[in-house]
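The values are calculated or read from the model by the stated rules, or taken from the named source; none is laboratory data. Treat the numbers as computed from the prediction; the structure is a model and nothing was measured. Heads up, the Cβs are rebuilt from the backbone with ideal geometry, glycines too, and the neighbour counts pull from every protein chain shown.
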Amino acid sequence: MVLNSGQRETDVLDRVTVRLLEEAERPEFDRCLEAEHYLASSALVGETLRYVAELDGEWVALLTFSAAALHLKARERWIGWTPRQRARRLGLVVNNSRFLVRPERHRYPNLASRVLGLCLRRLSANWQERWGHPVLVVESFVDESQYRGTCYRACGFEDVGATAGFGRARRDFYQAHGEPKQLYLRELRPRARNRLRQARLPEALALHEAAVTGPCPFRAPALESLLERFGALPDPRRGHGLRHRQRFVLACAAVCTLMGACGYRAFENTCKKFTQRQLRALGSQPNEADGRYDPPSDSTFQRVLSRRDAGPVATLIGGWLAEQEIGALAQLAVDGKVLRGSGRHDGKPL
């Protein structure tokens with residue numbers, strides 16, 4: 001792909017188009033990333049979108065957007081949100097996880113910024129259509145030993161500093177890889193980061209936040225004391241093969257309810273957010289295969305809770321809550337009371 005001698009670069013860039021990848025094109029898309037991108041991987045995590053940029057019908061760039069990194073000190077400072085806000089609003093941040101420009105960059109000096117700009121204009125609307133909610137902020141990591149991040153700065157990204165040089169190895173375990181990268185951030189809407197740190201989101205965004213439970217507001221010692229209380233209840237189950245003890249399942253159900261989960265499947269999904277230390281404090285037994293602590297399944301919650309009288313369980317939880325720090329309970333409505341004058345957009349008070 002070479003520019004004709006009498007052809008200006010602006011004329012070529014005006015013919016560049018960007019579109020979402022079609023499912024039938026996925027194998028070729030993945031093959032190109034694995035063969036030509038410096039990370040040599042097409043694996044993505046969480047919600048994702050894949051784009052191709054074309055010039056006269058030929059692919060000239062490939063881009064992917066996927067779930068944001070869980071923890072980034074520079075990003076948290078840039079946005080200014082609390083840990084609880086980060087946990088519940090992280091889905092409104094998206095990561096530009098792959099960006100491959102296929103022709104040699106010296107032939108098309110402005111191609112990367114042109115393609116990236118076209119993607120950013122449609123990203124939030126495409127995300128809304130595919131995943132049911134918009135995105136407000138885009139992040140990207142740049143390995144400055146190979147690239148200078150020029151196209152990101154040209155598209156309005158801000159260089160907020162280097163990462164610590166750790167990579168996620170397991171759900172809650174990170175390994176040092178010794179290759180810190182520069183973190184670039186950009187708002188997709190004016191004052192987007194102000195919205196992410198404000199106490200109450202606009203109605204359209206609040207609906208998304210309401211569907212996200214967590215994070216768990218209790219530390220391991222408090223969870224251990226809850227486990228002790230449930231240990232006093234007799235377990236009606238009998239026989240071999242009981243993987244999870246009753247007190248562990250009840251403790252998990254109680255904490256999940258306080259975090260906003262409702263229903264057996266929601267309990268299972270919320271428990272998956274607990275750290276290994278929290279699961280151990282709640283009474284999980286180590287897995288014989290790898291020694292890790294696993295949360296109960298939705299069917300386990302159903303079997304245990306369907307056999308328990310709610311009265312004694314509620315009494316134990318109420319007594320335990322009365323002993324906890326008020327800071328941990330500030331966001332929890334436990335006994336049905338509401339805050340006077342706190343009517344929300346949906347008509348329900350806090």
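Using the structure shown, decide if residue 308 is outside the structural domain of residue 88 (by TED's automatic domain parsing) and under 17 Å from residue 231 (Cα atoms).
It is true that residue 308 is outside the structural domain of residue 88 (by TED's automatic domain parsing) and under 17 Å from residue 231 (Cα atoms).
Do you know which residues across the stretch 94-138 are touching a helix residue (DSSP H, G or I) at 6+ places or on another chain (Cβ under 6 Å), within 27 Å of residue 201 (Cα to Cα) and in a strand (DSSP E or B)?
Correct list: 137 only.
Using the structure shown, decide if residue 35 is of a type outside the set (Asp, Glu), surrounded by fewer than 12 Cβ atoms within 10 Å (Cβ to Cβ) and in the same structural domain as residue 82 (by TED's automatic domain parsing).
yes
Restricting attention to the stretch 146-164, and to residues there that are part of a loop (DSSP other than H, G, I, E, B) and more than 14 Å from residue 96 (Cβ to Cβ), which single residue is modelled with the highest pLDDT?
Within the stretch 146-164, the match that is modelled with the highest pLDDT is 148.
Here are some conditions: (1) crowded, with 19+ Cβ neighbours inside 10 Å; (2) charged (D, E, K, R); (3) touching a residue at least 40 places away in the same chain (Cβ under 8 Å). Residue 102 meets all but one. Which one does it not meet?
The failed condition is (1).
Of the residues 25, 47, which single one is outside any strand (DSSP E or B), charged (D, E, K, R) and modelled with pLDDT under 95?
Testing whether each residue is outside any strand (DSSP E or B), charged (D, E, K, R) and modelled with pLDDT under 95 leaves just 47.
Restricted to the stretch 251-279, and to residues that are of a type in the set (Ser, Thr, Tyr) and in contact (Cβ under 8 Å) with a residue 24 or more places away in the chain, which residue is surrounded by the most Cβ atoms within 10 Å (Cβ to Cβ)?
Among those that are of a type in the set (Ser, Thr, Tyr) and in contact (Cβ under 8 Å) with a residue 24 or more places away in the chain, it is 270.
Might you check whether a residue that is hydroxyl-bearing (Ser, Thr, Tyr) and not in a loop (DSSP other than H, G, I, E, B) occurs anywhere in the stretch 298-305?
So far as the stretch 298-305 goes, yes, one or more of its residues are hydroxyl-bearing (Ser, Thr, Tyr) and not in a loop (DSSP other than H, G, I, E, B).
Take residue 68 and tell me if it is surrounded by 20 or more Cβ atoms within 10 Å (Cβ to Cβ), closer than 19 Å to residue 129 by Cα, in contact (Cβ under 8 Å) with a residue 40 or more places away in the chain and in the same structural domain as residue 114 (by TED's automatic domain parsing).
yes
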